[in-house]
Amino acid sequence: MKILLTIQDTSIAPRFDQATEVMIAEHDGQRLHGEPRTIILPHRSAEELSDLIVKEGVDCVICGGIEESYHKFFTWKKIRVYDGIIGSHAEALQRFLKGQLLSGMILPSAQDG
Amino acid sequence: MQPIRVLTITKNEDFSDILTDRLRSWGFDATAADNSHEALETLLVRPPDVVVLNLRADHDDDLETLRLLKSRNPDIAIILLTCKGAMASGIRGLELGAFDSLPQPVELGELIEKIHLAHQRLVTADDRSAAT
């Protein structure tokens, strides 16, 4: 299974449509398989990012704020979305793998910065 | 050992900032140029080992930058990042002597691998010419 996190430096990017970098990781629901890949996007574009998500066969997205239309699109595509996440992408990924991530979560790492 | 010097030419401030920042975090001595004029200045003042050039669709001036850099320094290794719709320009770029091309959006790991390969080729060429 593939998960995609929209990132900005070490954090989850605050807005899906403004993300310029993503991390894609393969996992079995509990642990990662191999090293996550980092992809730098040429433009800030929710549409291009959505295309990438579909093309890559991602089945779960972890992001900050996302427009309702994109959220609906992913739901329609059976792609699970954890949105409104605030905090480090490493912590978000770890919580996801432990089954402890919920949409709208403000992670403890958000207080560190 | 000196870090590999990388010059990025992207004409896109956001992309340029992130790219150079990530390359620096991986230990490269990365600088950015917004246009061919800046790139040529850098070539004189602080010659890079490898250039990463963003090729946009329907922008012949990007290929012109490649031509200029190659005319000033034929040995320079240039890696092209080709945007959607810029495949023909990418092929032309390879014909003009670019080291390789990668499609956008660019995967950082792949780019880093290409930079190391391009640098390795330069080092090997230098060793050969020193031996003869």
If the cut-off is a Cα-Cα distance under 19 Å, which aspartates and glutamates reach B:K70, setting aside same-chain residues fewer than 8 apart in sequence? B:D34, B:E38, B:E41, B:D49, B:D60, B:D61, B:D62, B:E95, B:D100, B:D126
How much of the accessible area of segment A:2-112, probe 1.4 Å, is carbon plus sulfur, in whole percent? 49
In segment B:1-18, what residues drop by 20 Å² or more of accessible area when the other protein chains are put back, versus the chain on its own? Use 1.4 Å, and skip ligands and nucleic acids. B:N12, B:D14, B:F15, B:I18
Dipole magnitude of chain A about its Cα centre (Cβ charges: Lys, Arg +1; Asp, Glu -1), debye to nearest 20: 340
Sequence of A:S88, A:S50, B:S71 when ordered by accessible area, the most exposed leading, probe 1.4 angstrom: B:S71, A:S88, A:S50
Could you state the accessible area per residue of the protein assembly as shown in Å², with a 1.4 Å probe and every protein chain left in place? 52
Area hidden from solvent between B and A (accessible, protein heavy atoms only, 1.4 Å, total, Å²): 1200
Have a look at segment A:32-79 and report residues whose accessible surface goes down by 20 Å² or more when the remaining protein chains are included, against the chain on its own, probe 1.4 Å, ligands and DNA/RNA excluded. A:R37, A:T38, A:I39, A:I40, A:P42, A:R44
In segment B:5-131, taking the dipole from +1 charges on Lys and Arg beta carbons and -1 charges on Asp and Glu beta carbons about the Cα centre, the listed residue (B:L40, B:I76, B:V123) farthest towards the positive end is B:V123
For the pair A:A90/B:D14, report the inter-label distance in nm, with labels modelled 7 Å from Cα in the Cβ direction. 2.6
Pair B:E41, A:S69: separation of 7 Å Cα→Cβ label points (nm): 4.1
Give the distance, in whole Å, between the Cα centre of segment B:1-20 and the Cα centre of segment B:51-106. 15
If one puts a single equal scatterer on every Cα of the protein assembly as shown and applies the Debye formula without solvent, what log₁₀ I(q)/I(0) results at q = 0.07, 0.09, 0.14 Å⁻¹? -0.27, -0.44, -0.93
Largest first, please: the extent of the C-alpha atoms of chain A along each principal axis, to the nearest Å. 31, 29, 24
Got a number for carbon plus sulfur as a percent of chain B's accessible area, 1.4 Å probe? 51
How much length is gained if the chain between B:A125 and B:E95 is pulled fully straight, taking 0.36 nm per residue apart and subtracting their Cα-Cα distance, in nm to one decimal? 8.8 nm
State which stretch of chain A is the longest one without any exposed trypsin sites (Lys or Arg not before Pro), exposure meaning a DSSP loop state and at most 14 other Cβ atoms within 10 Å. A:32-76
With +1 on the Cβ of every Lys and Arg and -1 on the Cβ of every Asp and Glu, and nothing else charged, how large is the dipole of chain B about its Cα centre, in debye rounded to the nearest 20? 300
Tell me, what are the semi-axes, in whole angstrom and largest first, of the equivalent ellipsoid of segment B:5-131 as set by the roots of 5 times the Cα gyration tensor eigenvalues? 20, 17, 15
In nm, spacing of pseudo-spin labels at A:K98 and A:E35 (7 Å Cα→C-beta vector): 2.5
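The values are calculated or read from the model by the stated rules, or taken from the named source; none is laboratory data. Everything quoted here is computed from the prediction, not taken from an experiment. Please note: Cβ atoms are built from the backbone with ideal geometry, for glycine as well, and neighbour counts cover all protein chains shown. What goes into the accessible areas is simple: the full protein's heavy atoms, side chains included, and nothing from ligands, DNA or RNA. Shrake-Rupley method; radii C 1.70, N 1.55, O 1.52, S 1.80 Å.
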